[in-house]
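Engineer: One structure is given below, represented as structure tokens, and several questions about it will come after.
None of the figures in this text is laboratory data; all of them are computed from the coordinates on show. Quick caveat: nothing in here was measured; it's all calculated off a predicted structure. Here the Cβ positions follow ideal geometry from the backbone for every residue, glycine too, while neighbour counts run over all protein chains shown.
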Amino acid sequence: MTVEEAREYWRSLGYPDVGDAVAFTDEDVEALRTVVDLVRSGAIDRATARRMVRALGRMTGRLAEWHVETLVELVQRAEDSGEGTGSRLTSAYRLGERLLPDFERLLVYAWRRKLAAAAGRLVALGDVGAAPLLSASASVGFADLVSFTRLSRGLTEKALGELVESFEATTNDVIAAGGGRVVKTLGDEVVFLAGSARTAMAIGCDLVAAIGENPELPDVRVGIATGPVVARLGDVFGTPANLAARLTALAGRNDVLTDGETAAALSDDPDFALRALAPAEIRGLGAVTPFRVSRRAPAHASK
């Protein structure tokens, strides 16, 4: 392979140029050769290879950082309690030797499962020839913590990390259990996707219940919008994504706001109560009438 080919994929994985430094191993060469051979065989083209490698580098990079941060905390606790080796470096190395082989297998397993789920969602779109392959109508939800910036100023680094971890764990569990998909998390904000307005709204109400009623977490606000979206590199784009973010900014504490299209889809749903609010001027989208949504109490509960 040429130096330019190697550099192209190396950068796509997210690594910096190293100049003339001795920085590569046989495994690096094999990994790059695998990608180049796929292109030369005609299985994929060069642009596709770069996109796939870039996505792989981005996702595994975040995963690696997350795992290392978690393991550093574990090693530190072991050393502080006297259960370590007396050297954080030695303890970390031994922990890595013990965990890495099992987590490597778990990584491949999780990727295959996620791949199957993603393919299943694509099949569920039906006749993909009628629209762009990764375009579909879906509901996008945003949820963020209220007054997070002000709150974070008064927290220690450890307490802030625990707060963010608790928020991410709670939102992940609620969204996955409700049949949605976490698109991304941005500190105090999570973006999720659902195949129907009802699924998205159930998740939104469940997030308010799980987070708003948790005394260890700040209040939350949720915005949900429905319409055509485009999925790209694990993210989602389109007017519904922008509108959901703007609705979140308009929402009050432990409120769920939605747009007219989502409200229309839920108008005959007995599980949700909808109330139209005053129209709001949203930058780039014009005048929008938000709807406040709440879950109705079961009929037997009111008796």
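Engineer: Rank the residues K114, K158 as a footprinting-exposure proxy: fewest other Cβ atoms within 10 Å of their Cβ go first.
Structural biologist: Values: K114 12, K158 9.
By the 10 Å Cβ count, ascending, the order reads K158, K114.
Engineer: For the stretch 2-30 and the stretch 187-231, write down the distance between their C-alpha centroids in whole Å.
Structural biologist: Rounded to whole Å, the Cα centres lie 41 Å apart.
Engineer: Still on this structure, I have one more. Using the Cα centre of the stretch 3-124 as origin and beta-carbon charges of +1 (Lys, Arg) and -1 (Asp, Glu), tell me which of A55, G14, G82 is placed farthest towards the positive end of the dipole.
Structural biologist: So the residue furthest toward the plus end is A55.
Engineer: Which percent, nearest 5, of DSSP beta bridges in the chain are antiparallel?
Structural biologist: Working: 34 of 37 bridges.
Within the chain, antiparallel bridges account for around 90 percent of the total.
Engineer: Would you mind calculating the gained length between E213 and A43 on full extension (0.36 nm times residue separation, minus the Cα-Cα distance), in nm to one decimal? Walk me through the intermediate numbers first.
Structural biologist: Working: separation 170, 0.36 × 170 = 61.20 nm, distance 5.14 nm.
Contour length minus the Cα-Cα distance gives 56.1 nm.
Engineer: Treating only the Cβ atoms of Lys and Arg (+1) and Asp and Glu (-1) as charged, compute the dipole magnitude of the chain about its Cα centre; round to the nearest 20 debye.
Structural biologist: Details: 35 positive and 41 negative charges, 181 e Å.
With only Lys, Arg, Asp and Glu charged at Cβ, the dipole is about 880 debye.
Engineer: Work out the FRET efficiency for A169 and T25 from their Cβ-Cβ distance, taking R0 = 35 Å, and round it to the nearest 0.05.
Structural biologist: Numbers: r = 36 Å, r/R0 = 1.02.
Plugging the Cβ-Cβ distance into 1/(1 + (r/R0)^6) gives 0.45.
Engineer: Here's something else I'd like to know. Nothing charged except the Cβ atoms of Lys and Arg (+1) and of Asp and Glu (-1): what's the magnitude of the dipole of the stretch 224-303 about its Cα centre? Round to the nearest 20 debye.
Structural biologist: Numbers: 9 positive and 8 negative charges, 58 e Å.
With only Lys, Arg, Asp and Glu charged at Cβ, the dipole is about 280 debye.
Engineer: How long is the gain from S152 to R33 if the chain were fully straight, where each residue apart is worth 0.36 nm and the alpha carbon distance is subtracted?
Structural biologist: Values: separation 119, 0.36 × 119 = 42.84 nm, distance 4.61 nm.
Full extension from S152 to R33 adds 38.2 nm.
Engineer: Ranked highest first by average number of other Cβ atoms within 10 Å, how do 51-58, 97-104, 174-181 line up?
Structural biologist: Working: 51-58: 15.9, 97-104: 11.0, 174-181: 18.9.
So the peptides 51-58, 97-104, 174-181, ranked by packing, come out 174-181, 51-58, 97-104.
Engineer: Just name one of P215, A143, A241: the one whose Cα is farthest towards the positive end of the charge dipole of the chain (beta-carbon charges, Lys/Arg +1, Asp/Glu -1).
Structural biologist: A241
Engineer: Going by average Cβ neighbours within 10 Å, how do the peptides 24-33, 235-244 rank, with the highest at the top? Walk me through the numbers on the way to the answer.
Structural biologist: On the way: 24-33: 11.9, 235-244: 19.8.
Listed from highest to lowest mean packing, they are 235-244, 24-33.
Engineer: Counting only C-alpha contacts under 8 Å and six or more residues apart, can you give the relative contact order of the chain as a whole percent? Can you show the working numbers first?
Structural biologist: Working: 387 pairs, mean separation 38.7, N = 303.
This gives 13 percent for the chain.
Engineer: Quick one: which residues, 5+ away or cross-chain, put their amide H under 5 Å from the amide H of I282? H built at 1.01 Å from N.
Structural biologist: Residues meeting the amide H criterion: A287, V288.
Engineer: Could you give the size of the charge dipole of the stretch 132-302 about its Cα centre, using +1 on the Cβ of each K and R and -1 on the Cβ of each D and E, expressed in debye and rounded to the nearest 20? Please list the in-between numbers first.
Structural biologist: Values: 15 positive and 20 negative charges, 76 e Å.
So the dipole magnitude of the stretch 132-302 works out to roughly 360 debye.
Engineer: Quickly rank 277-284, 185-192 as a protection proxy: mean count of other C-beta atoms within 10 Å, highest first. The partial results should precede the final answer.
Structural biologist: Working: 277-284: 10.8, 185-192: 19.5.
Taking the mean over residues of other Cβ atoms within 10 Å, the ranking is 185-192, 277-284.
Engineer: Still on this structure: Contact order normalised by length for the stretch 3-124, with contacts defined as Cα pairs under 8 Å and 6 or more residues apart; what percent is it? All intermediate terms of the calculation are to be shown ahead of the outcome.
Structural biologist: Details: 43 pairs, mean separation 24.1, N = 122.
Answer for the stretch 3-124 is 20 percent.
Engineer: Sticking with this one: Among Y93, Y109, what is the fewest-to-most ranking by other Cβ atoms within 10 Å? Write out the running numbers ahead of the final one.
Structural biologist: Numbers: Y93 13, Y109 10.
The order, fewest Cβ neighbours first, is Y109, Y93.
Engineer: Here's something else I'd like to know. In whole Hz and in residue order, list the ³J(HN,Hα) couplings for the stretch 246-261 that follow from phi through the Karplus curve 6.51 cos²θ - 1.76 cosθ + 1.60, θ = phi - 60°; x for Gly and Pro.
Structural biologist: Couplings: 5, 5, 4, 5, 7, 6, x, 4, 6, 9, 10, 10, 9, 9, x, 5 Hz.
Engineer: Give me a comma-separated list of calculated 3J(HN,Hα) values for the stretch 176-182, in order, Karplus coefficients 6.51, -1.76, 1.60 applied at θ = phi - 60°, integers in Hz, x for any Gly or Pro.
Structural biologist: Those phi angles translate into 5, 5, x, x, x, 9, 6 Hz.
Engineer: Looking only at N254, N172, N214, which one moves most when the chain is put into a Gaussian network model with springs between Cα atoms under 10 Å?
Structural biologist: Result for the chain, Cα springs under 10 Å: N214 fluctuates most.
Engineer: Using θ = phi - 60° and the Karplus curve 6.51 cos²θ - 1.76 cosθ + 1.60, what whole-Hz ³J(HN,Hα) does each residue of the stretch 86-98 get, with Gly and Pro shown as x?
Structural biologist: In residue order, the calculated couplings are x, 10, 4, 5, 5, 5, 5, 4, 5, 5, x, 4, 6 Hz.
Engineer: Within the stretch 170-208, which residues have the backbone N less than 15 Å from the label spot 7 Å out from R58 along Cα→beta-carbon, could you tell me?
Structural biologist: Within reach of a label on R58, which here means backbone N under 15 Å from a point 7 Å along Cα→Cβ, the stretch 170-208 contributes 183-186, 191.
Engineer: Quick query: amide H of S196 versus all other amide H atoms, modeled in the peptide plane; which residues come in under 5 Å with a sequence gap of 5 or more or a different chain?
Structural biologist: Amide H neighbours of S196: S139.
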